[in-house]
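Everything below concerns the one structure shown next.
What follows is calculated from the coordinates using simple rules that are stated; it is not laboratory data. Computed from a prediction, not measured in an experiment: that's the story for all the values here. Positions of Cβ are generated from backbone atoms using ideal geometry, with glycine treated the same way; all protein chains shown enter the neighbour counts.
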Amino acid sequence: MLNIVTLVLGPVQTNAYLAGDTEAKEAVVIDPAWEGELIVEEAQKHGWKITQVWVTHAHFDHFGGAAAVVRGCNPPPEVALHPDELPLWQMQGGAPLFGLQIEPGPQPTVTLSHRQVLRLGQYAFEVRHTPGHTEGHVIFYCARERLTFCGDVIFRNGIGRTDLPGGDYETLMTSIREQVFSLPDETRLLSGHGPETKVGLEKAYFA
């Protein structure tokens, strides 16, 4: 069974997700927002081994806890990021612009690309490139479980902001139409902030 634990962490209440295959006892962290030690503790409670960290995009509030997650696991998990996000990653995800400092994240070792397939135990996740909020933003779609970790592309009745460096409204809307709204209507959307929603609900809202 795929078990998903949501932890709301950090200064802007970001959803960090811990997804575990309960049979394989393996887990991945999607967007380790902040306080990575809490994410590691949660995995330990379930008896899961964290094998990878998947980052939708490199804003500071989505990887501020990455260093602590990697440091807290033995062996350390791999970190996956789209290459277009590396410059932002290396700038602490823009944290200094908001008067914040984060521990530098570990160098990503898994390069994400459009249509790539990632695996968590018996579950496959398709990577979809969804620029517009940032240039290298991606989402992770599991067809078997009808769910998508969608970062800051789309929220319940809302979309990600486009006024930060690398953002573009038209590009974001194209990503939503082509990469999110092309999914089955019943697909759950697990966003970077706020409650989850579904593809069909958002298609109706934006119609």
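Are there GluC sites (Glu not before Pro) in segment 15-52 that DSSP marks as loop and that have at most 13 other Cβ atoms within 10 Å, and which are they?
Passing sites in segment 15-52 are Glu23.
Considering Cα pairs under 8 angstrom that are at least six residues apart, work out the relative contact order of the chain and quote it in whole percent.
It rounds to 15 percent for the chain.
Putting +1 on Lys and Arg Cβ atoms and -1 on Asp and Glu Cβ atoms, find which of Asn3, Leu112, Ser191 reaches farthest to the positive end of the dipole of the chain.
Looking along the dipole axis, the top candidate is Asn3.
Using Cα pairs under 8 angstrom and six or more residues apart, how large is the relative contact order of segment 15-100, in percent?
Numbers: 151 pairs, mean separation 23.6, N = 86.
Contact order relative to length: 27 percent.
Counting each DSSP H run of 4 or more residues in the chain as -39500 (n - 2.57), what helix-only mean residue ellipticity at 222 nm follows after dividing by all residues, to the nearest 500 deg cm²/dmol? Can you show the working numbers first?
Numbers: 6 runs with 41 residues, N = 207.
After summing the helix terms and dividing by the residues of the chain, the value is -5000 deg cm²/dmol.
Can you give the longest stretch of the chain with no exposed loop site, where a site means trypsin sites (Lys or Arg not before Pro) in a DSSP loop (not H, G, I, E or B) with at most 14 other C-beta atoms within 10 Å?
My reading of the result: 26-114 is the longest stretch.
Taking K and R as +1 and D and E as -1, what net charge do the other residues with C-beta under 13 Å from the C-beta of Gly105 add up to?
-4
Starting from the amide H of Ala143, placed 1.01 Å from N in the peptide plane, find each other amide H under 5 Å away whose residue is 5 or more places distant or on another chain.
Amide H to amide H, under 5 Å and 5 or more residues apart or across chains, Ala143 pairs with Glu126.
Taking every DSSP beta bridge with both residues inside the chain, roughly what % is antiparallel (nearest 5)? All intermediate terms of the calculation are to be shown ahead of the outcome.
On the way: 28 of 42 bridges.
Beta bridges within the chain, antiparallel portion: roughly 65 percent.
Amide H neighbours of Glu26 under 5 Å, counting only residues 5+ apart in sequence or on other chains, H built in-plane at 1.01 Å?
Amide H neighbours of Glu26: Asp21, Lys49.
Mind checking which of Val70, Leu88, Val127 is farthest towards the positive end of the chain's charge dipole, using Cβ charges of +1 (Lys, Arg) and -1 (Asp, Glu) about the Cα centre?
After comparing all options, I get Val127.
Using only C-alpha positions, report the orientation-averaged shadow area of the convex hull of segment 2-206, nm², one decimal.
Projected area, direction-averaged: 9.9 nm².
Work out the length of the dipole vector of the chain about its Cα centre, built from +1 on the beta-carbon of each Lys and Arg and -1 on the beta-carbon of each Asp and Glu, and round it to the nearest 20 debye.
400
In segment 1-82, what % of DSSP beta bridges are antiparallel (nearest 5)?
Roughly 60 percent of the DSSP beta bridges within segment 1-82 come out antiparallel.
Identify, among Pro32, Leu147, Gly167, the residue whose Cα sits farthest towards the positive end of the charge dipole of the chain, taking +1 on the Cβ of Lys and Arg and -1 on the Cβ of Asp and Glu, with the dipole about the Cα centre.
Among Pro32, Leu147, Gly167, the one farthest towards the positive end of the dipole of the chain is Leu147.
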